[in-house]
Amino acid sequence: MAGKLVCLFEGLKPTIAMVMIQITFGGIHVLYKLAKNDGMSMKIMIAYRMIFASASMVPLALILERNSRPRLTGRIFFLGFILGMFGGSLTHNLYVESLVLTSATFVAAMTNLTPALTFIMATILRMERLAIGTDAGKAKVLGTILSIGGAMIFTFYKGIGINVWTTNINLLHHHAMTTSKQTSAKEALGALLGVGSGVSIAIWMIIQAKLSKVYPPYSATALTSICASIQSVAYAMCTEEWAAWKLGWNIRLLTVVYTGVIGSGLMIALMAWVARMRGALFISSFYPLLLIIVAIVGSLMLDELLHLGSILGAVFIILGLYSVLWGKGKETMEATQLNPLRSSKDSELRDVTVQG
(Lines give C-alpha, C1' and ligand atoms only; values in the text may rest on other atoms or scores of the structure.)
Protein backbone atom coordinates (compact mmCIF):
# COMPACT_ATOMS: atom_id res chain seq x y z
CA MET A 1 0.00 0.00 0.00
CA ALA A 2 2.77 2.40 0.96
CA GLY A 3 4.62 1.57 -2.23
CA LYS A 4 1.54 2.39 -4.32
CA LEU A 5 1.16 5.74 -2.56
CA VAL A 6 4.81 6.56 -3.22
CA CYS A 7 4.41 5.66 -6.90
CA LEU A 8 1.23 7.75 -7.08
CA PHE A 9 2.98 10.74 -5.54
CA GLU A 10 5.93 10.36 -7.92
CA GLY A 11 3.55 10.35 -10.86
CA LEU A 12 1.74 13.43 -9.57
CA LYS A 13 4.91 15.47 -9.01
CA PRO A 14 4.80 17.26 -12.40
CA THR A 15 1.10 18.06 -11.93
CA ILE A 16 1.65 19.41 -8.42
CA ALA A 17 4.59 21.45 -9.70
CA MET A 18 2.52 23.01 -12.49
CA VAL A 19 -0.30 23.90 -10.08
CA MET A 20 2.27 25.59 -7.81
CA ILE A 21 3.71 27.46 -10.80
CA GLN A 22 0.32 28.78 -11.90
CA ILE A 23 -0.53 29.88 -8.35
CA THR A 24 2.83 31.67 -8.22
CA PHE A 25 2.15 33.43 -11.51
CA GLY A 26 -1.29 34.39 -10.23
CA GLY A 27 0.43 36.10 -7.30
CA ILE A 28 2.55 38.08 -9.77
CA HIS A 29 -0.58 39.61 -11.29
CA VAL A 30 -1.80 40.75 -7.87
CA LEU A 31 1.60 42.17 -6.90
CA TYR A 32 1.86 44.06 -10.20
CA LYS A 33 -1.46 45.75 -9.46
CA LEU A 34 -0.47 46.54 -5.86
CA ALA A 35 2.92 47.97 -6.86
CA LYS A 36 1.31 50.19 -9.48
CA ASN A 37 -1.30 51.24 -6.93
CA ASP A 38 1.58 52.25 -4.63
CA GLY A 39 2.89 54.55 -7.36
CA MET A 40 5.78 52.43 -8.63
CA SER A 41 6.87 52.94 -12.23
CA MET A 42 6.16 49.85 -14.31
CA LYS A 43 9.33 50.40 -16.35
CA ILE A 44 11.48 50.42 -13.21
CA MET A 45 9.65 47.41 -11.83
CA ILE A 46 10.44 45.39 -14.97
CA ALA A 47 14.09 46.53 -14.84
CA TYR A 48 14.39 45.32 -11.24
CA ARG A 49 12.60 42.08 -12.08
CA MET A 50 15.09 41.30 -14.84
CA ILE A 51 18.02 42.15 -12.55
CA PHE A 52 16.76 39.79 -9.83
CA ALA A 53 15.99 37.13 -12.45
CA SER A 54 19.59 37.32 -13.71
CA ALA A 55 20.93 37.11 -10.16
CA SER A 56 18.97 33.89 -9.60
CA MET A 57 19.55 32.22 -12.99
CA VAL A 58 23.29 32.86 -13.45
CA PRO A 59 24.33 30.72 -10.42
CA LEU A 60 22.03 27.90 -11.61
CA ALA A 61 23.61 27.96 -15.06
CA LEU A 62 27.15 28.08 -13.66
CA ILE A 63 26.53 25.15 -11.31
CA LEU A 64 24.27 22.85 -13.34
CA GLU A 65 25.82 23.34 -16.78
CA ARG A 66 29.47 24.04 -16.02
CA ASN A 67 30.58 20.98 -18.00
CA SER A 68 28.07 21.16 -20.86
CA ARG A 69 28.12 24.83 -21.81
CA PRO A 70 29.88 25.61 -25.13
CA ARG A 71 31.87 28.78 -25.78
CA LEU A 72 29.82 31.97 -26.01
CA THR A 73 30.07 33.06 -29.65
CA GLY A 74 28.90 36.26 -31.30
CA ARG A 75 25.95 34.45 -32.88
CA ILE A 76 24.83 33.00 -29.55
CA PHE A 77 25.10 36.41 -27.86
CA PHE A 78 23.10 38.01 -30.68
CA LEU A 79 20.35 35.41 -30.30
CA GLY A 80 20.40 35.98 -26.53
CA PHE A 81 20.09 39.74 -27.03
CA ILE A 82 17.10 39.32 -29.37
CA LEU A 83 15.52 36.83 -26.96
CA GLY A 84 16.12 39.27 -24.11
CA MET A 85 14.04 41.82 -25.97
CA PHE A 86 11.16 39.64 -27.18
CA GLY A 87 11.12 37.36 -24.14
CA GLY A 88 12.01 39.93 -21.50
CA SER A 89 12.12 43.70 -21.79
CA LEU A 90 9.56 44.25 -24.57
CA THR A 91 7.17 41.47 -23.56
CA HIS A 92 7.04 42.37 -19.88
CA ASN A 93 6.69 46.11 -20.47
CA LEU A 94 3.78 45.52 -22.84
CA TYR A 95 2.33 42.98 -20.42
CA VAL A 96 2.30 45.20 -17.34
CA GLU A 97 0.97 48.22 -19.22
CA SER A 98 -1.86 46.03 -20.51
CA LEU A 99 -2.47 44.85 -16.95
CA VAL A 100 -2.72 48.44 -15.70
CA LEU A 101 -5.12 49.52 -18.46
CA THR A 102 -7.36 46.43 -18.43
CA SER A 103 -7.56 43.79 -15.72
CA ALA A 104 -5.59 40.88 -14.31
CA THR A 105 -8.16 38.48 -15.77
CA PHE A 106 -7.78 39.94 -19.27
CA VAL A 107 -4.00 39.62 -19.45
CA ALA A 108 -4.21 36.10 -18.04
CA ALA A 109 -6.62 35.26 -20.86
CA MET A 110 -4.20 36.71 -23.41
CA THR A 111 -1.54 34.26 -22.18
CA ASN A 112 -3.66 31.45 -23.60
CA LEU A 113 -3.33 32.97 -27.08
CA THR A 114 0.40 32.19 -27.20
CA PRO A 115 0.22 28.76 -28.92
CA ALA A 116 -2.17 30.10 -31.59
CA LEU A 117 -0.05 33.21 -32.21
CA THR A 118 3.09 31.07 -32.38
CA PHE A 119 1.41 28.82 -34.95
CA ILE A 120 0.47 31.88 -37.07
CA MET A 121 3.99 33.35 -36.88
CA ALA A 122 5.67 30.01 -37.63
CA THR A 123 3.37 29.46 -40.61
CA ILE A 124 4.05 32.94 -42.01
CA LEU A 125 7.81 32.38 -41.64
CA ARG A 126 7.40 28.96 -43.31
CA MET A 127 8.82 27.23 -40.25
CA GLU A 128 5.66 25.15 -39.89
CA ARG A 129 3.34 23.59 -42.46
CA LEU A 130 -0.34 24.51 -42.49
CA ALA A 131 -1.24 20.93 -43.49
CA ILE A 132 -4.94 21.77 -43.70
CA GLY A 133 -5.65 18.36 -45.21
CA THR A 134 -4.64 16.53 -42.02
CA ASP A 135 -6.54 16.24 -38.72
CA ALA A 136 -3.67 17.98 -36.92
CA GLY A 137 -3.68 20.88 -39.37
CA LYS A 138 -7.46 21.31 -39.14
CA ALA A 139 -7.31 21.28 -35.34
CA LYS A 140 -4.61 23.96 -35.26
CA VAL A 141 -6.48 26.20 -37.71
CA LEU A 142 -9.77 25.75 -35.85
CA GLY A 143 -8.05 26.41 -32.53
CA THR A 144 -6.44 29.56 -33.87
CA ILE A 145 -9.80 30.87 -35.11
CA LEU A 146 -11.48 30.06 -31.77
CA SER A 147 -8.67 31.72 -29.78
CA ILE A 148 -8.69 34.93 -31.81
CA GLY A 149 -12.50 35.02 -31.80
CA GLY A 150 -12.50 34.55 -28.04
CA ALA A 151 -10.02 37.39 -27.59
CA MET A 152 -12.23 39.69 -29.67
CA ILE A 153 -15.32 38.76 -27.63
CA PHE A 154 -13.36 39.29 -24.40
CA THR A 155 -12.22 42.73 -25.60
CA PHE A 156 -15.23 44.22 -27.36
CA TYR A 157 -18.26 42.57 -25.73
CA LYS A 158 -19.04 43.04 -22.04
CA GLY A 159 -22.63 41.93 -21.56
CA ILE A 160 -24.20 41.73 -18.14
CA GLY A 161 -22.07 41.85 -15.02
CA ILE A 162 -21.79 38.57 -13.12
CA ASN A 163 -21.10 38.88 -9.40
CA VAL A 164 -20.16 35.33 -8.43
CA TRP A 165 -19.18 36.25 -4.88
CA THR A 166 -18.93 39.38 -2.78
CA THR A 167 -16.30 40.34 -0.22
CA ASN A 168 -15.39 43.56 1.50
CA ILE A 169 -11.76 43.21 0.39
CA ASN A 170 -10.45 45.63 -2.24
CA LEU A 171 -6.69 46.04 -2.12
CA LEU A 172 -6.87 48.84 -4.71
CA HIS A 173 -9.69 50.75 -3.02
CA HIS A 174 -7.71 53.88 -2.18
CA HIS A 175 -6.93 54.68 -5.80
CA ALA A 176 -10.10 53.15 -7.29
CA MET A 177 -8.11 51.35 -9.96
CA THR A 178 -10.85 49.07 -11.16
CA THR A 179 -11.56 47.97 -14.68
CA SER A 180 -15.17 49.21 -14.52
CA LYS A 181 -14.00 52.81 -14.10
CA GLN A 182 -11.52 52.87 -16.97
CA THR A 183 -12.48 54.47 -20.25
CA SER A 184 -13.16 52.37 -23.33
CA ALA A 185 -10.20 54.03 -25.07
CA LYS A 186 -7.82 52.86 -22.35
CA GLU A 187 -9.28 49.37 -22.44
CA ALA A 188 -8.83 49.22 -26.22
CA LEU A 189 -5.20 50.35 -25.86
CA GLY A 190 -4.68 47.81 -23.08
CA ALA A 191 -6.10 45.07 -25.30
CA LEU A 192 -3.76 46.07 -28.12
CA LEU A 193 -0.77 46.00 -25.76
CA GLY A 194 -1.87 42.60 -24.45
CA VAL A 195 -2.00 41.15 -27.95
CA GLY A 196 1.34 42.81 -28.69
CA SER A 197 2.81 41.05 -25.67
CA GLY A 198 1.47 37.74 -26.99
CA VAL A 199 2.99 38.35 -30.42
CA SER A 200 6.31 39.19 -28.75
CA ILE A 201 6.23 35.91 -26.81
CA ALA A 202 5.41 34.02 -30.01
CA ILE A 203 8.46 35.53 -31.71
CA TRP A 204 10.53 34.66 -28.62
CA MET A 205 9.42 31.03 -28.78
CA ILE A 206 10.39 30.73 -32.44
CA ILE A 207 13.86 32.23 -31.90
CA GLN A 208 14.34 30.34 -28.63
CA ALA A 209 13.97 27.08 -30.53
CA LYS A 210 17.08 28.03 -32.53
CA LEU A 211 19.14 28.92 -29.45
CA SER A 212 18.11 25.75 -27.60
CA LYS A 213 19.81 23.66 -30.30
CA VAL A 214 23.24 25.19 -29.65
CA TYR A 215 23.12 26.33 -26.00
CA PRO A 216 21.91 24.52 -22.84
CA PRO A 217 18.60 25.71 -21.29
CA TYR A 218 19.71 27.30 -18.01
CA SER A 219 22.62 29.10 -19.64
CA ALA A 220 20.30 30.32 -22.41
CA THR A 221 17.82 31.60 -19.82
CA ALA A 222 20.60 33.31 -17.85
CA LEU A 223 21.96 34.97 -21.01
CA THR A 224 18.45 36.09 -21.98
CA SER A 225 17.85 37.52 -18.49
CA ILE A 226 21.14 39.45 -18.53
CA CYS A 227 20.37 40.96 -21.94
CA ALA A 228 16.81 41.78 -20.83
CA SER A 229 18.23 43.47 -17.72
CA ILE A 230 20.51 45.70 -19.77
CA GLN A 231 17.67 46.66 -22.12
CA SER A 232 15.12 47.24 -19.35
CA VAL A 233 17.50 49.34 -17.24
CA ALA A 234 18.48 51.46 -20.26
CA TYR A 235 14.83 52.02 -21.17
CA ALA A 236 13.83 52.93 -17.61
CA MET A 237 16.82 55.26 -17.13
CA CYS A 238 15.85 57.19 -20.26
CA THR A 239 12.26 57.71 -19.13
CA GLU A 240 12.24 57.82 -15.32
CA GLU A 241 13.84 60.01 -12.64
CA TRP A 242 16.52 58.67 -10.30
CA ALA A 243 14.31 59.18 -7.24
CA ALA A 244 11.81 56.66 -8.60
CA TRP A 245 14.40 53.86 -8.36
CA LYS A 246 14.40 53.88 -4.57
CA LEU A 247 13.13 50.70 -2.91
CA GLY A 248 12.10 50.42 0.72
CA TRP A 249 10.80 47.62 2.92
CA ASN A 250 7.43 47.77 1.22
CA ILE A 251 5.27 46.27 -1.52
CA ARG A 252 7.69 47.50 -4.20
CA LEU A 253 10.61 45.46 -2.86
CA LEU A 254 8.38 42.41 -2.35
CA THR A 255 7.12 42.68 -5.93
CA VAL A 256 10.52 42.87 -7.64
CA VAL A 257 12.03 40.09 -5.49
CA TYR A 258 9.01 37.82 -5.90
CA THR A 259 8.64 38.37 -9.65
CA GLY A 260 12.39 38.24 -10.33
CA VAL A 261 13.76 35.51 -8.06
CA ILE A 262 10.66 33.31 -7.85
CA GLY A 263 8.68 34.15 -11.00
CA SER A 264 11.52 34.48 -13.52
CA GLY A 265 14.06 32.35 -11.66
CA LEU A 266 12.89 29.39 -9.60
CA MET A 267 9.63 28.85 -11.48
CA ILE A 268 11.39 28.84 -14.86
CA ALA A 269 13.84 26.25 -13.52
CA LEU A 270 10.92 24.19 -12.20
CA MET A 271 9.17 24.44 -15.57
CA ALA A 272 12.34 23.19 -17.26
CA TRP A 273 12.25 20.14 -14.97
CA VAL A 274 8.58 19.51 -15.78
CA ALA A 275 9.33 19.87 -19.50
CA ARG A 276 11.93 17.12 -19.23
CA MET A 277 9.51 14.90 -17.30
CA ARG A 278 6.32 15.39 -19.33
CA GLY A 279 7.13 17.60 -22.32
CA ALA A 280 6.25 21.10 -23.43
CA LEU A 281 2.60 20.38 -24.30
CA PHE A 282 1.98 19.24 -20.72
CA ILE A 283 3.10 22.69 -19.55
CA SER A 284 0.90 24.53 -22.05
CA SER A 285 -2.16 22.54 -20.95
CA PHE A 286 -2.03 24.30 -17.57
CA TYR A 287 -2.33 27.83 -19.02
CA PRO A 288 -6.12 27.99 -18.38
CA LEU A 289 -5.54 27.30 -14.68
CA LEU A 290 -3.80 30.68 -14.40
CA LEU A 291 -6.86 32.35 -15.93
CA ILE A 292 -9.16 30.68 -13.39
CA ILE A 293 -6.90 31.59 -10.46
CA VAL A 294 -6.55 35.22 -11.55
CA ALA A 295 -10.29 35.54 -12.19
CA ILE A 296 -11.04 34.30 -8.67
CA VAL A 297 -8.38 36.44 -7.00
CA GLY A 298 -9.37 39.48 -9.06
CA SER A 299 -13.00 39.15 -8.01
CA LEU A 300 -12.17 38.52 -4.35
CA MET A 301 -9.34 40.99 -3.75
CA LEU A 302 -9.12 43.49 -6.63
CA ASP A 303 -12.83 44.29 -7.03
CA GLU A 304 -12.81 43.13 -10.66
CA LEU A 305 -16.33 42.42 -11.93
CA LEU A 306 -16.70 39.52 -14.35
CA HIS A 307 -18.92 40.07 -17.39
CA LEU A 308 -20.71 37.63 -19.66
CA GLY A 309 -18.39 38.63 -22.50
CA SER A 310 -15.34 37.86 -20.35
CA ILE A 311 -16.59 34.36 -19.55
CA LEU A 312 -17.63 33.59 -23.13
CA GLY A 313 -14.35 34.94 -24.49
CA ALA A 314 -12.34 32.91 -21.98
CA VAL A 315 -14.23 29.72 -22.90
CA PHE A 316 -13.50 30.23 -26.61
CA ILE A 317 -9.84 31.00 -25.89
CA ILE A 318 -9.44 27.86 -23.77
CA LEU A 319 -11.20 25.68 -26.37
CA GLY A 320 -8.93 27.16 -29.02
CA LEU A 321 -5.86 26.52 -26.87
CA TYR A 322 -6.64 22.83 -26.40
CA SER A 323 -7.51 22.44 -30.08
CA VAL A 324 -4.10 23.85 -31.07
CA LEU A 325 -2.37 21.70 -28.44
CA TRP A 326 -4.20 18.58 -29.63
CA GLY A 327 -3.16 19.26 -33.20
CA LYS A 328 0.41 19.95 -32.17
CA GLY A 329 0.48 16.84 -30.01
CA LYS A 330 -0.79 14.64 -32.83
CA GLU A 331 1.74 16.19 -35.21
CA THR A 332 4.57 15.65 -32.70
CA MET A 333 3.52 12.04 -32.15
CA GLU A 334 3.65 11.35 -35.88
CA ALA A 335 7.03 13.09 -36.17
CA THR A 336 8.37 11.11 -33.19
CA GLN A 337 7.46 7.84 -34.86
CA LEU A 338 9.54 8.91 -37.87
CA ASN A 339 12.49 10.40 -35.94
CA PRO A 340 12.22 9.88 -32.14
CA LEU A 341 15.55 11.43 -31.09
CA ARG A 342 15.26 14.67 -33.03
CA SER A 343 11.61 15.30 -32.15
CA SER A 344 12.17 14.88 -28.43
CA LYS A 345 15.13 17.24 -28.42
CA ASP A 346 13.38 19.92 -30.46
CA SER A 347 10.29 20.01 -28.23
CA GLU A 348 11.97 19.60 -24.85
CA LEU A 349 11.87 23.20 -23.62
CA ARG A 350 10.25 25.10 -26.47
CA ASP A 351 7.06 26.03 -24.60
CA VAL A 352 8.66 27.10 -21.30
CA THR A 353 7.34 30.63 -21.61
CA VAL A 354 7.62 33.74 -19.50
CA GLN A 355 4.19 33.96 -17.97
CA GLY A 356 3.31 36.66 -15.53
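The values are calculated or read from the model by the stated rules, or taken from the named source; none is laboratory data. Remember, predicted model here, so these are calculated numbers, not experimental data. A quick note on method: Cβ atoms are made from the backbone with ideal geometry, for glycine too, and the neighbour counts reach across all protein chains shown.
Give me the pairs: first residue in segment 64-93 and closer than 18 Å to K213 by Cα and aromatic (F, W, Y), second residue modelled with pLDDT of 85 or more and assigned to a helix (DSSP H, G or I), beta-carbon distance under 6 Å, and six or more apart or on different chains, which are they?
So the pair list comes out as F81/C227.
Please count how many residues of segment 300-318 are in a helix (DSSP H, G or I), more than 17 Å from I120 (Cβ to Cβ) and not hydroxyl-bearing (S, T, Y). Steps first, answer last, please.
We begin by selecting, within segment 300-318, every residue in a helix (DSSP H, G or I); these are 300-301, 308-318.
Remaining after also requiring more than 17 Å from I120 (Cβ to Cβ): 300-301, 308-315, 318.
Still in the running and not hydroxyl-bearing (S, T, Y): 300-301, 308-309, 311-315, 318.
Of the residues in that region, 10 qualify.
Any residue in segment 131-156 that is within 13 Å of I120 (Cα to Cα) sitting within a Cβ distance under 9 Å of a residue that is acidic (D, E) and surrounded by fewer than 20 Cβ atoms within 10 Å (Cβ to Cβ)? List the pairs, counting only those 6 or more apart or interchain.
K140/E128
Of all residues being of a type outside the set (A, V, I, L, M) and more than 13 Å from the chain's Cα centre (by Cα) in segment 28-42, which is surrounded by the fewest Cβ atoms within 10 Å (Cβ to Cβ)? Just the residue, please. Full working, then the answer.
Applying the first criterion (of a type outside the set (A, V, I, L, M)) to segment 28-42 yields 29, 32-33, 36-39, 41.
Among the residues that remain, those that are also more than 13 Å from the chain's Cα centre (by Cα) are: 32-33, 36-39, 41.
Values: Y32: 25, K33: 24, K36: 21, N37: 18, D38: 13, G39: 9, S41: 17.
Looking at the filtered set, the residue picked out is G39.
Among V58, V30, which is closer than 22 Å to L247 by Cα and either aliphatic (A, V, I, L, M) or at pLDDT 90 or above (or both)?
On the way: V58 fails: closer than 22 Å to L247 by Cα.
Selected residue: V30, the only one of V58, V30 that is closer than 22 Å to L247 by Cα and either aliphatic (A, V, I, L, M) or at pLDDT 90 or above (or both).
Looking only at segment 33-55, filter to residues that are charged (D, E, K, R) and at pLDDT 90 or above; which one of those is nearest to S219 (Cα to Cα)?
We begin by selecting, within segment 33-55, every residue charged (D, E, K, R); these are 33, 36, 38, 43, 49.
Within this subset, residues satisfying the condition of being at pLDDT 90 or above are 43, 49.
Values: K43: 25, R49: 18 Å.
By that ranking, first place goes to R49.
For the list (1) farther than 21 Å from S284 by Cβ; (2) modelled with pLDDT under 90; (3) in a helix (DSSP H, G or I), I need the number of the one condition that R71 fails.
Of the numbered conditions (1) farther than 21 Å from S284 by Cβ; (2) modelled with pLDDT under 90; (3) in a helix (DSSP H, G or I), the odd one out for R71 is (3).
In this structure, is T183 at pLDDT below 75 and not aliphatic (A, V, I, L, M)? I'd like the intermediate steps shown before the answer.
Working: at pLDDT below 75: yes; not aliphatic (A, V, I, L, M): yes.
Yes.
Looking only at residues that are over 12 Å from Y258 (Cβ atoms) and either out of contact with any Phe, Trp or Tyr (no Cβ under 8 Å at 6 or more places or on another chain) or of a type in the set (S, T, N, Q) (or both) in segment 43-55, which one is surrounded by the fewest Cβ atoms within 10 Å (Cβ to Cβ)?
Of segment 43-55, the ones over 12 Å from Y258 (Cβ atoms) are 43-44, 46-47, 50-51, 54-55.
Going one step further and asking which of them are either out of contact with any Phe, Trp or Tyr (no Cβ under 8 Å at 6 or more places or on another chain) or of a type in the set (S, T, N, Q) (or both), we end up with 46, 50-51, 54-55.
Details: I46: 31, M50: 28, I51: 19, S54: 24, A55: 17.
Ranking the candidates gives A55 first.
In segment 124-165, what count of residues is obtained for those that are buried (at least 16 other Cβ atoms within 10 Å of the Cβ), among the β-branched types (V, I, T) and at pLDDT 80 or above?
4
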